[in-house]
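S.K.: Following this message is one structure expressed as structure tokens.
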Amino acid sequence: MPNTITEQNLRALIDTLVKDGSRVVGPKAAGDMTLYEPLAGGTELVLGVLPRRSAKETFFPLCEDILSYQKMEGKMTVEDIDLSRLPSTVLIGALPCDAAAPGILDAVFSWDYQDEFYLERRKKTTIIGLACTKSDDACFCTAVGYSPAESRGSDIFLLPLEGGRYRCQIISDKGNLLVERYKSFFTDEEGGNALPLSQPSMEKLDLQKIREWLENNFESDFWKEIAERCVGCGACAFICPACHCFDINDEGSEGKGVRRKHWDACGFSKFTNHASGHNPRDVQPQRYRNRIMHKFKYYDDKFGQTLCTGCGRCVRACPVGIDIAAVLQEIMKYEL
Amino acid sequence: MKAGLPTSATITSVRKLTSDTTLFALRCDDPAAAGAPLPAVASFLPGQFLELSLPGIGEVPISYCGIPSSDGTIELCIRHVGHVTIPLQNAKPGDAVGLRGPFGLGFPLKSYENQDLLLIAGGLGMAPLRSLLLALLVERGQWGELTLLYGAREPGALLFLDELLYMSQSSDIRIYLAVDRRGSCLEGIPHCRAALLPALLDQVMLQPERTHAALCGPPIVYTPLVERLNQLGLADERIHLSLERRMKCGQGRCGHCAVGTYLCCTDGPVFNYAMLKGIEGALV
């Protein structure tokens with residue numbers, strides 16, 4: 001029974017996966033930042049840092065072609081994107097807040113229309129999650145029902161042990177397949193004691209109560225107070241593991257080009273703007289409210305899940321210091 | 001072909017309705033085989049919409065304006081105001097566009113059976129209501145009294161005026177028209193007065209317990225219309241409104257058309273007023 005893997009072997013496993021033709025994505029140094037990016041080899045893996053952006057782009061890229069078109073003899077011909085070319089991928093070192101997000105997004109990308117781009121990437125990706133040992137004061141996973149030791153969403157889950165080892169927990173068939181195939185990298189040894197995990201300090205939120213408050217306070221002045229500062233930059237949505245709004249645009253000429261799907265943000269002032277000039281959410285408080293409602297009410301109404309894993313990225317990235325966790329705590333104080 | 005890819009269609013006729021609005025007829029380039037059902041995008045319900053794209057320019061949601069036709073013709077009434085619809089000003093028969101659809105829920109025809117129907121259109125809102133109107137007239141026997149109230153800025157902006165005046169000659173339907181602008185010349189336009197659209201409701205005697213209202217217009221007309229209809233005794237559930245939102249994907253994923261907890265593309269665009277009542281900004 002393969003129980004543990006050394007850090008050295010983990011890096012060697014990446015080398016081998018890459019050699020075998022897999023795309024391996026993991027935290028990697030990119031200038032001053034750490035980002036989830038394709039790794040050329042095991043040495044590139046950065047451990048113990050929360051990447052600046054989430055891992056959602058492994059499944060839902062910032063920008064992707066959804067079709068190509070060509071106009072021939074006055075007719076428009078449309079061509080599919082060949083999804084079979086998408087590489088088999090291993091997402092390695094995904095922290096619990098990132099590993100859990102695809103499991104939430106599966107719902108919106110397959111509830112009615114099947115988003116084959118997302119689903120094909122999901123199918124072809126194995127997630128090796130990693131327990132979190134380094135949180136900061138923006139983290140609030142425990143407040144929204146996750147934790148530094150949460151294995152939900154991972155196919156294999158690694159728990160750091162003393163002495164540079166990781167305990168492996170096989171969560172899914174996909175995870176089992178990978179371990180079986182690369183058995184030699186793992187050992188049967190028990191390994192030492194677990195390293196202390198991070199302990200986000202925020203208390204658990206009553207998400208049900210928050211939802212009920214949201215239900216009854218669509219028109220509250222609260223939104224004006226909270227969102228007065230919001231500049232609508234969209235940073236919170238772009239670095240969020242669970243935000244999934246996108247836009248569709250053409251790139252190319254009238255005769256030939258591609259249609260692309262790319263991230264969008266409900267905080268942008270033109271997000272709902274119509275050609276007529278009518279804009280149903282024409283002031284920032286309405287847009288900020290939509291962000292909170294979507295995450296903590298609408299998505300739950302529709303799919304029974306909260307669209308937030310408490311990674312805290314939006315808190316760190318907000319240029320005007322809006323703290324979504326503080327907003328939720330504020331809501332908790334109100335009477336229903 | 002993946003679900004959701006646009007199918008190529010060709011413009012078969014172009015009819016300028018006003019200086020900024022055109023009625024297009026289109027047909028899919030790959031017609032269904034003989035005996036087979038219509039291409040998906042040509043088989044729709046009044047109130048549904050499609051996504052029309054111009055290659056290299058983009059894609060926009062447009063309401064169906066006609067009813068499904070046996071030869072697969074699709075009618076779209078388009079105002080030239082946006083990045084896709086402005087270039088369409090120069091479109092000619094034979095030009096190619098992409099179509100995806102149909103999307104959304106249309107008007108609830110089933111619940112209209114044996115009921116009196118009051119259609120209220122403002123401006124370009126006549127486009128989807130024309131689809132409903134034509135569908136109702138095809139099966140005229142299914143419904144009770146049929147009334148259309150239609151208002152536009154000025155006489156020249158009344159869409160489908162010839163058709164409407166022709167219809168008004170029969171006893172199948174009563175039509176009342178209004179133009180906002182005072183002092184407009186209404187000569188040759190029977191049933192028309194200079195008034196705001198909600199004022200037309202004063203001319204109508206309705207039996208609220210057996211009437212459904214179907215509304216489509218610019219956002220500004222909804223609140224006064226709904227208020228007036230409520231005063232006339234019409235229950236919220238009997239008032240159906242077609243909302244305009246920026247539906248990008250049409251398939252409940254992209255987030256652009258959220259109206260409170262609903263998505264205009266999959267829960268609408270036709271909503272009954274009871275659903276929208278508590279959502280600030282849904283109507284305006």
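Where a number appears in this text, it was derived from the coordinates with a stated rule and is not lab data. What you see is a predicted model, and the numbers here were worked out from it, not measured in a lab. Positions of Cβ are backbone-derived with ideal geometry, glycine not excepted, and every protein chain shown enters the neighbour counts.
S.K.: If each of B:Val138 and A:Glu203 carries a label point 7 Å out from its Cα toward its Cβ, how far apart are those two points in nm?
M.R.: The modelled label-to-label distance comes out at 6.2 nm.
S.K.: Could you state, as a whole-number percent, how many of the C-alpha pairs of the stretch B:7-103 are farther apart than 24 Å?
M.R.: Everything past 24 Å amounts to 13 percent.
S.K.: While we're here: For chain B, what does -39500 (n - 2.57) per DSSP helix run (n ≥ 4), summed and divided by total residues, give at 222 nm, in deg cm²/dmol to the nearest 500?
M.R.: -4000 deg cm²/dmol
S.K.: For every other residue with a beta carbon closer than 15 angstrom to the beta carbon of A:Glu215, add +1 if it is Lys or Arg and -1 if Asp or Glu, then tell me the sum.
M.R.: Net local charge, A:Glu215 excluded: 0.
S.K.: Rounded to the nearest 5, what % of DSSP beta bridges with both residues in the protein assembly as shown are antiparallel?
M.R.: Approximately 65 percent, going by the DSSP bridge assignments.
S.K.: What translational diffusion coefficient, to the nearest whole µm²/s, does chain A have by Stokes-Einstein, given a Kirkwood radius computed over alpha-carbon pairs, a temperature of 4 °C and 1.567 mPa s viscosity?
M.R.: Answer, rounded: 60 µm²/s.
S.K.: A further question follows. Relative to the longest principal axis of the C-alpha atoms of chain B, give the angle of the C-alpha long axis of helix B:126-138, reported between 0 and 90° and rounded to the nearest 10°.
M.R.: 80 degrees
S.K.: Which FRET efficiency, nearest 0.05, do A:Glu212 and B:Ser69 yield, Cβ-Cβ r, R0 56 Å?
M.R.: 0.70
S.K.: Here's a follow-up. Can you name the helices of chain A, as whole DSSP H runs, whose Cα span along the helix axis is 30 Å or more and whose Kyte-Doolittle mean is not below 1.6?
M.R.: What comes out of the filter, once short or polar helices are dropped, is none.
S.K.: Among residues other than B:Gly58 whose Cβ falls under 12 Å from its Cβ, what is the net charge (Lys/Arg +1, Asp/Glu -1)?
M.R.: Charge balance near B:Gly58 sits at -2.
S.K.: In sequence order, what are the phi-derived ³J(HN,Hα) couplings for the stretch A:246-256 according to the Karplus relation 6.51 cos²θ - 1.76 cosθ + 1.60 with θ = phi - 60°, rounded to whole Hz, with x for glycine and proline?
M.R.: 9, 10, 10, 9, 9, 10, x, 9, 5, x, 6
S.K.: Could you give the Stokes-Einstein D for chain B in µm² per second, using the C-alpha Kirkwood radius, 10 °C, 1.306 mPa s?
M.R.: My calculation gives 82 µm²/s for D.
S.K.: A further question follows. At a Cα cut-off below 28 Å, give the lysines reachable from B:Lys92, other chains included and same-chain residues fewer than 8 away excluded.
M.R.: Hits, sequence-local ones excluded: A:Lys71, A:Lys75, A:Lys256, B:Lys16, B:Lys248.
S.K.: Round to a whole angstrom and tell me the spacing of the C-alpha centers of the stretch B:230-284 and the stretch A:149-226.
M.R.: Value for the Cα centre distance between the two parts: 37 Å.
S.K.: Tell me, for chain A, which Cys residues have no other cysteine's C-beta sitting closer than 4.7 Å.
M.R.: Cysteines lacking a close Cβ partner in chain A: A:Cys63, A:Cys132, A:Cys139, A:Cys141, A:Cys168, A:Cys230, A:Cys233, A:Cys245, A:Cys266, A:Cys308, A:Cys318.
S.K.: Show me, for the stretch B:228-233, the HN-Hα J-couplings you get by feeding each phi into the Karplus relation (A = 6.51, B = -1.76, C = 1.60, θ = phi - 60°), rounded to Hz, glycine and proline as x.
M.R.: Result, ordered by residue: 5, 5, 4, 4, 7, x Hz.
S.K.: Moving on. For B:Lys110, which lysines qualify as cross-link partners when the Cα separation must be under 28 Å and same-chain residues fewer than eight apart are set aside?
M.R.: By straight Cα distance, B:Lys110 reaches A:Lys302, B:Lys277.
S.K.: At q = 0.10, 0.14 Å⁻¹, what log₁₀ I(q)/I(0) does a Debye calculation on the Cα points of the stretch B:38-164 give, no solvent, two decimals?
M.R.: With one equal scatterer per Cα and no solvent, log10 I(q)/I(0) is -0.34, -0.67.
S.K.: Give the calculated FRET efficiency between A:Asp282 and A:Asp188 to the nearest 0.05, with a Förster radius of 51 Å applied to their Cβ-Cβ distance.
M.R.: That gives a FRET efficiency of 0.25.
S.K.: With each pseudo-label sitting 7 Å past Cα toward Cβ, what's the B:Gln207-B:Val284 distance in nm, one decimal?
M.R.: For B:Gln207 paired with B:Val284, the spin-label model returns 3.7 nm.
S.K.: Normalising by the residue count of chain B, find the relative contact order in percent from Cα pairs under 8 Å and 6+ residues apart.
M.R.: For chain B, the relative contact order is 17 percent.
S.K.: By residue number, which cysteines of chain B lack any other Cys whose Cβ falls under 4.7 Å from their Cβ?
M.R.: Flagged as lacking a Cys partner: B:Cys28, B:Cys185, B:Cys192, B:Cys216, B:Cys265.
S.K.: Is any residue of the stretch A:287-307 close enough, with backbone N under 18 Å, to a label point placed 7 angstrom from the Cα of A:Val320 along the Cα-Cβ axis, and if so, which?
M.R.: Within reach of a label on A:Val320, which here means backbone N under 18 Å from a point 7 Å along Cα→Cβ, the stretch A:287-307 contributes A:287-293.
S.K.: In deg cm²/dmol, rounded to 500, what helix-only [θ] at 222 nm does chain A give when every DSSP H run of at least 4 residues adds -39500 (n - 2.57) and the total is split over its residues?
M.R.: The helix-only estimate for chain A comes to -7000 deg cm²/dmol at 222 nm.
S.K.: Determine the sum of side-chain charges near A:Gly191: Lys and Arg each +1, Asp and Glu each -1, restricted to other residues whose C-beta is under 13 angstrom from that of A:Gly191.
M.R.: That works out to -3.
S.K.: Return the lysines within reach of A:Lys28: Cα separation strictly under 28 angstrom, same-chain partners fewer than 8 residues apart disregarded; answer none if there are no such residues.
M.R.: Excluding near neighbours in sequence, the set is A:Lys19, A:Lys56, A:Lys123, A:Lys124, A:Lys134, A:Lys174, A:Lys183, A:Lys261.
S.K.: Something else: Return the Cα extents of the protein assembly as shown along principal axes one, two and three, sorted largest first, each rounded to a whole Å.
M.R.: The principal-axis extents, from largest down, are 93, 63, 41 Å.
S.K.: Three principal axis extents, largest first, for the C-alpha atoms of the stretch A:30-183, in Å?
M.R.: Projected onto its principal axes, the Cα set of the stretch A:30-183 covers 68, 38, 36 Å.
S.K.: What is the gain in length, in nm to one decimal, between A:Lys123 and A:Gln8 on full extension, counting 0.36 nm per residue of separation less the C-alpha to C-alpha distance?
M.R.: 38.6 nm
S.K.: Something else: Run through all the Cα pairs of the stretch A:23-105 and give the fraction in each 10 Å bin from 0, expressed as whole percent.
M.R.: 16, 39, 24, 13, 8, 1
S.K.: ³J(HN,Hα) across the stretch A:139-151 via Karplus (A = 6.51, B = -1.76, C = 1.60, θ = phi - 60°), whole Hz, x for Gly/Pro?
M.R.: Each residue's phi maps through the Karplus curve to give 5, 8, 4, 5, 6, 10, x, 10, 7, x, 10, 6, 9 Hz.
S.K.: Relative contact order of chain A, please, whole-number percent, based on alpha carbon pairs below 8 angstrom and at least 6 residues apart.
M.R.: 21 percent
S.K.: Can you give me the C-alpha center-to-center distance between the stretch A:5-63 and the stretch B:167-215, rounded to a whole angstrom?
M.R.: When both Cα centres are located, 66 Å separates them.
S.K.: Using only the Cα atoms of the stretch B:109-276, each taken as one equal point scatterer with no solvent, compute I(q) by the Debye sum, divide by I(0), and report log10 of the ratio at q = 0.08, 0.11 Å⁻¹.
M.R.: -0.24, -0.45
S.K.: What ranking do B:204-210, B:246-252 get when scored by the average of other Cβ atoms within 10 Å per residue, highest first?
M.R.: Top to bottom by mean Cβ count within 10 Å: B:246-252, B:204-210.
S.K.: Compute the distance in nm between two label points, each set 7 Å from the Cα along the Cα-to-Cβ direction, one at B:Arg15 and one at A:Glu73.
M.R.: Going from the B:Arg15 label point to the A:Glu73 one covers 3.1 nm.
S.K.: Set the Förster distance to 25 Å, then compute FRET efficiency between A:Asp20 and A:Cys63 from the Cβ-Cβ distance, nearest 0.05.
M.R.: Rounded to the nearest 0.05, the efficiency is 0.35.
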